[in-house]
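Peer 1: Just passing along the structure, written as structure tokens.
The values are calculated or read from the model by the stated rules, or taken from the named source; none is laboratory data. Worth saying up front: this structure is predicted, and the values here are computed from it rather than measured. Cβ sites come from the backbone with ideal geometry, for glycine too, and all protein chains shown count toward neighbours. The protein model used for the area step is the full one, side chains on, heavy atoms only, and it has no ligands, DNA or RNA in it. Shrake-Rupley method; radii C 1.70, N 1.55, O 1.52, S 1.80 Å.
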Amino acid sequence: MERVIKASHGTNYGDVIVMGGNYGSPSDPEAKQVRQMCKDLFTAGLQAISFVMPPVKLVPNVGGEPYPLPQWLIDAGYKATGNVAITGNSGTGKSSLNNALRGLRPRDDGAAAVGVKETTLDPHGYDFEPAGKDMKVWDLPGAGTPKFPLDSYMRTMGIKYFDEVIIASASRFTETDLELMDELRMHGIPFIALRTKVDLEIRNAQKDSGSNEQETLNRIREDIKKNSLL
């Protein structure tokens with residue numbers, strides 16, 4: 001700090017003084033002392049004091065090194081439309097959600113295939129009717145399956161290249177869901193953490209513990225708030 005103070009005497013009015021250093025976490029006594037000293041010494045020109053720290057990872061970064069836009073997404077006309085992806089674990093109702101967003105029933109023409117087993121084996125984009133040909137809703141295969149293991153899922157799906165991502169989760173958030181959120185958050189991609197099959201969870205809660213509908217909904221909302229950091 002003494003060197004910084006001495007160097008500041010040779011600056012002109014309006015100059016920006018940038019200080020860098022490792023003073024521990026913001027709660028450490030030394031870090032607090034440094035902040036207070038800066039405020040006392042540079043009151044005339046101090047705009048802000050910020051401590052840059054490595055982000056706290058919720059889970060390990062499975063995205064790996066920077067990955068390119070997948071060829072399948074390029075071939076699908078990625079750059080000509082807005083792209084919203086629906087992802088999450090297998091069996092969470094992603095395809096049903098896709099159909100619901102587009103106002104379709106499972107047997108309607110153009111509907112995504114649904115079923116109790118893994119039915120989406122390849123990414124498929126569907127035109128979103130309100131936006132016409134300008135937006136696609138992508139039904140992505142489930143993450144963390146033998147065919148699509150999580151350690152390569154981000155790269156294979158090109159998850160960071162979508163304009164927005166919906167992470168569909170049933171019952172509770174899993175490690176896969178959290179890793180997807182972490183990857184998207186790291187790249188600044190907007191995402192929605194969404195719980196599916198809520199009606200089934202309400203019925204199960206009533207049967208298993210006698211919880212009423214509002215109690216179950218409150219618990220689901222708290223789980224979303226706690227685990228997604230939204």
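One line per residue, one yes/no per condition, for (1) of a type in the set (Asp, Glu); (2) at pLDDT 80 or above; (3) within 25 Å of residue 77 (Cα to Cα):
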{"position": "102", "(1), (2), (3)": "no, yes, yes"}
{"position": "113", "(1), (2), (3)": "no, no, yes"}
{"position": "116", "(1), (2), (3)": "no, no, no"}
{"position": "135", "(1), (2), (3)": "no, yes, yes"}
{"position": "148", "(1), (2), (3)": "no, yes, yes"}
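Peer 1: Considering the stretch 208-230 alone, what residues qualify as being open to solvent by 40 Å² or more (accessible area, probe 1.4 Å) and more than 24 Å from the chain's Cα centre (by Cα)?
Peer 2: 208, 209, 210, 212, 213, 214, 215
Peer 1: Let me ask something else about it. So residue 121 fits all but one of (1) closer than 24 Å to residue 71 by Cβ; (2) open to solvent by less than 50 Å² (accessible area, probe 1.4 Å); what number is the exception?
Peer 2: That leaves (2) as the condition not met.
Peer 1: Quick check on the stretch 146-157. Is at least one of its residues free of Cβ contacts under 8 Å to residues at least 12 places away in the same chain, open to solvent by 40 Å² or more (accessible area, probe 1.4 Å) and within 20 Å of residue 67 (Cβ to Cβ)?
Peer 2: Scanning the stretch 146-157, I find at least one residue that is free of Cβ contacts under 8 Å to residues at least 12 places away in the same chain, open to solvent by 40 Å² or more (accessible area, probe 1.4 Å) and within 20 Å of residue 67 (Cβ to Cβ), so the answer is yes.
Peer 1: Another question, if that's okay. Which numbered condition trips up residue 109, out of (1) out of contact with any Asp or Glu (no Cβ under 9 Å at 6 or more places or on another chain); (2) surrounded by 13 or more Cβ atoms within 10 Å (Cβ to Cβ)?
Peer 2: (2)
Every residue, every condition in (1) acidic (Asp, Glu); (2) over 23 Å from residue 99 (Cα atoms); (3) part of a helix (DSSP H, G or I), yes or no:
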| residue | (1), (2), (3) |
| --- | --- |
| 138 | no, no, no |
| 154 | no, yes, yes |
| 184 | no, yes, yes |
| 219 | no, yes, yes |
| 222 | yes, yes, yes |
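Peer 1: Next up: Can you pull out the residues in the stretch 160-179 that are part of a helix (DSSP H, G or I), at pLDDT 90 or above and under 10 Å from the mean Cα position of the chain (by Cα)?
Peer 2: Correct list: 160 only.
Peer 1: Which ones in the stretch 186-207 are crowded, with 16+ Cβ neighbours inside 10 Å and not aliphatic (A, V, I, L, M)?
Peer 2: Answer for the stretch 186-207, where residues must be crowded, with 16+ Cβ neighbours inside 10 Å and not aliphatic (A, V, I, L, M): 191, 195, 196, 197, 201.
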